[in-house]
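Below is one structure; the comments refer to it alone.
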Amino acid sequence: MKEKIKNRVGYWVESAYYDLKTAESMLKEKRYLYVGFCCHLTAEKLIKACFWKIKNEEPPFTHNINIILDKLELLDKVPLQHQNLIDELIPLNIKSRYPDDKERIYKLLNYNKCRSLIKRTKEFTQWTKKLINQ
(Lines give C-alpha, C1' and ligand atoms only; values in the text may rest on other atoms or scores of the structure.)
Protein backbone atom coordinates (compact mmCIF):
# COMPACT_ATOMS: atom_id res chain seq x y z
CA MET A 1 0.00 0.00 0.00
CA LYS A 2 1.36 3.40 -0.90
CA GLU A 3 2.40 5.52 2.06
CA LYS A 4 -0.28 8.19 1.49
CA ILE A 5 -3.04 5.59 1.26
CA LYS A 6 -1.71 3.76 4.31
CA ASN A 7 -1.68 7.03 6.29
CA ARG A 8 -5.22 7.95 5.24
CA VAL A 9 -6.56 4.50 6.07
CA GLY A 10 -4.77 4.65 9.41
CA TYR A 11 -6.19 8.09 10.16
CA TRP A 12 -9.79 7.01 9.55
CA VAL A 13 -9.41 3.74 11.48
CA GLU A 14 -7.77 5.41 14.47
CA SER A 15 -10.40 8.15 14.51
CA ALA A 16 -13.19 5.56 14.27
CA TYR A 17 -11.90 3.60 17.26
CA TYR A 18 -11.64 6.84 19.23
CA ASP A 19 -15.30 7.52 18.48
CA LEU A 20 -16.27 3.99 19.50
CA LYS A 21 -14.54 4.47 22.86
CA THR A 22 -16.36 7.79 23.18
CA ALA A 23 -19.67 5.99 22.56
CA GLU A 24 -18.83 3.61 25.41
CA SER A 25 -18.03 6.57 27.68
CA MET A 26 -21.28 8.28 26.73
CA LEU A 27 -23.20 5.10 27.59
CA LYS A 28 -21.72 5.14 31.10
CA GLU A 29 -22.81 8.77 31.45
CA LYS A 30 -26.29 8.01 30.04
CA ARG A 31 -25.76 10.45 27.16
CA TYR A 32 -27.72 8.25 24.80
CA LEU A 33 -28.05 10.68 21.91
CA TYR A 34 -24.26 10.88 21.71
CA VAL A 35 -23.91 7.10 21.84
CA GLY A 36 -25.86 6.89 18.59
CA PHE A 37 -23.99 9.83 17.09
CA CYS A 38 -20.59 8.31 17.92
CA CYS A 39 -21.60 4.87 16.65
CA HIS A 40 -22.56 6.53 13.37
CA LEU A 41 -19.21 8.32 13.24
CA THR A 42 -17.43 5.03 13.86
CA ALA A 43 -19.21 3.29 11.00
CA GLU A 44 -18.83 6.25 8.64
CA LYS A 45 -15.10 6.60 9.29
CA LEU A 46 -14.45 2.89 8.84
CA ILE A 47 -16.24 2.94 5.50
CA LYS A 48 -14.14 5.96 4.52
CA ALA A 49 -11.03 3.95 5.46
CA CYS A 50 -12.32 1.18 3.19
CA PHE A 51 -12.82 3.74 0.44
CA TRP A 52 -9.19 4.84 0.64
CA LYS A 53 -8.02 1.22 0.64
CA ILE A 54 -10.22 0.05 -2.23
CA LYS A 55 -10.39 3.15 -4.46
CA ASN A 56 -7.10 4.85 -3.50
CA GLU A 57 -8.81 8.22 -3.43
CA GLU A 58 -10.67 10.66 -1.21
CA PRO A 59 -14.09 9.35 -0.17
CA PRO A 60 -17.20 11.38 -1.01
CA PHE A 61 -17.90 14.33 1.28
CA THR A 62 -21.06 12.92 2.81
CA HIS A 63 -22.16 11.49 6.12
CA ASN A 64 -24.53 9.07 4.42
CA ILE A 65 -22.86 5.69 4.77
CA ASN A 66 -25.06 4.15 2.07
CA ILE A 67 -23.86 6.68 -0.51
CA ILE A 68 -20.23 5.81 0.25
CA LEU A 69 -20.99 2.08 0.11
CA ASP A 70 -22.72 2.60 -3.24
CA LYS A 71 -19.66 4.40 -4.64
CA LEU A 72 -17.59 1.43 -3.43
CA GLU A 73 -20.01 -0.91 -5.21
CA LEU A 74 -20.54 -2.64 -1.87
CA LEU A 75 -24.07 -1.53 -1.03
CA ASP A 76 -25.62 -4.82 -2.15
CA LYS A 77 -22.83 -6.85 -0.50
CA VAL A 78 -23.26 -5.57 3.05
CA PRO A 79 -24.48 -8.37 5.33
CA LEU A 80 -28.09 -7.81 6.39
CA GLN A 81 -27.29 -7.31 10.09
CA HIS A 82 -24.82 -4.56 9.19
CA GLN A 83 -27.21 -2.90 6.74
CA ASN A 84 -29.86 -2.88 9.45
CA LEU A 85 -27.39 -1.18 11.79
CA ILE A 86 -26.48 1.41 9.16
CA ASP A 87 -30.15 2.14 8.55
CA GLU A 88 -30.59 2.74 12.29
CA LEU A 89 -27.49 4.90 12.60
CA ILE A 90 -28.04 7.29 9.68
CA PRO A 91 -30.86 9.26 11.36
CA LEU A 92 -28.83 9.43 14.57
CA ASN A 93 -26.20 11.49 12.79
CA ILE A 94 -28.25 14.05 10.92
CA LYS A 95 -31.68 14.25 12.51
CA SER A 96 -30.33 14.24 16.05
CA ARG A 97 -29.02 17.75 15.41
CA TYR A 98 -32.41 19.37 14.88
CA PRO A 99 -34.86 20.17 17.70
CA ASP A 100 -37.98 18.39 16.44
CA ASP A 101 -36.19 15.21 15.45
CA LYS A 102 -33.82 15.33 18.40
CA GLU A 103 -36.65 14.95 20.92
CA ARG A 104 -38.23 12.10 18.96
CA ILE A 105 -34.93 10.25 18.60
CA TYR A 106 -34.01 10.81 22.23
CA LYS A 107 -37.20 9.02 23.27
CA LEU A 108 -36.16 5.97 21.23
CA LEU A 109 -32.80 5.63 22.94
CA ASN A 110 -32.22 4.02 26.31
CA TYR A 111 -29.44 2.08 27.99
CA ASN A 112 -30.27 -1.29 26.43
CA LYS A 113 -30.80 0.15 22.96
CA CYS A 114 -27.49 2.02 23.12
CA ARG A 115 -25.64 -0.99 24.50
CA SER A 116 -26.97 -2.94 21.53
CA LEU A 117 -25.85 -0.19 19.11
CA ILE A 118 -22.32 -0.34 20.52
CA LYS A 119 -22.22 -4.15 20.35
CA ARG A 120 -23.44 -4.15 16.76
CA THR A 121 -21.05 -1.34 15.82
CA LYS A 122 -18.19 -3.45 17.19
CA GLU A 123 -19.35 -6.33 14.98
CA PHE A 124 -19.45 -3.92 12.04
CA THR A 125 -15.85 -2.90 12.78
CA GLN A 126 -14.81 -6.54 12.36
CA TRP A 127 -16.46 -6.70 8.94
CA THR A 128 -14.77 -3.49 7.78
CA LYS A 129 -11.45 -4.69 9.18
CA LYS A 130 -11.66 -7.68 6.81
CA LEU A 131 -12.31 -5.33 3.88
CA ILE A 132 -9.35 -3.15 4.82
CA ASN A 133 -7.01 -6.11 5.24
CA GLN A 134 -7.85 -7.77 1.90
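Would you please name the residue that is nearest to residue 6 (Cα to Cα), looking only at residues in the stretch 44-57 that are touching a residue at least 12 places away in the same chain (Cβ under 8 Å) and surrounded by fewer than 21 Cβ atoms within 10 Å (Cβ to Cβ)? For the stretch 44-57, the residue satisfying everything is 56. The residues on offer are 87, 70, 101, and the sole one that is part of a helix (DSSP H, G or I), among the charged types (D, E, K, R), surrounded by 13 or more Cβ atoms within 10 Å (Cβ to Cβ) and at pLDDT 90 or above is 70. The residues of the stretch 29-62 that are of a type in the set (Lys, Arg) and in contact with an Asp or Glu (Cβ under 8 Å, 6 or more places away or on another chain) amount to a single one, 45. Restricting the first member to the stretch 1-17 and to residues that are within 15 Å of residue 121 (Cα to Cα), and the second to residues that are surrounded by 13 or more Cβ atoms within 10 Å (Cβ to Cβ) and hydroxyl-bearing (Ser, Thr, Tyr), the beta-carbon pairs closer than 7 Å and six or more apart or on different chains are 16/42.
Candidates in the stretch 16-43 are the residues that are polar (S, T, N, Q) and crowded, with 17+ Cβ neighbours inside 10 Å; of these, the one that is nearest to residue 79 (Cα to Cα) is 42. For the stretch 106-127, a tally of residues being among the aliphatic types (A, V, I, L, M) and within 16 Å of residue 41 (Cα to Cα) returns 2. The condition of being farther than 30 Å from residue 7 by Cα and either among the hydroxyl-bearing types (Ser, Thr, Tyr) or part of a helix (DSSP H, G or I) (or both) holds for only one of 107, 130, 122, that being 107. Condition test on residue 113, is it modelled with pLDDT of 95 or more and part of a helix (DSSP H, G or I)? Yes, satisfied.
The values are calculated or read from the model by the stated rules, or taken from the named source; none is laboratory data. Since we're looking at a predicted model, the values are computed, not measured. For neighbour counting, all protein chains shown are included, and Cβ atoms are generated from backbone atoms with ideal geometry for every residue, glycine included.
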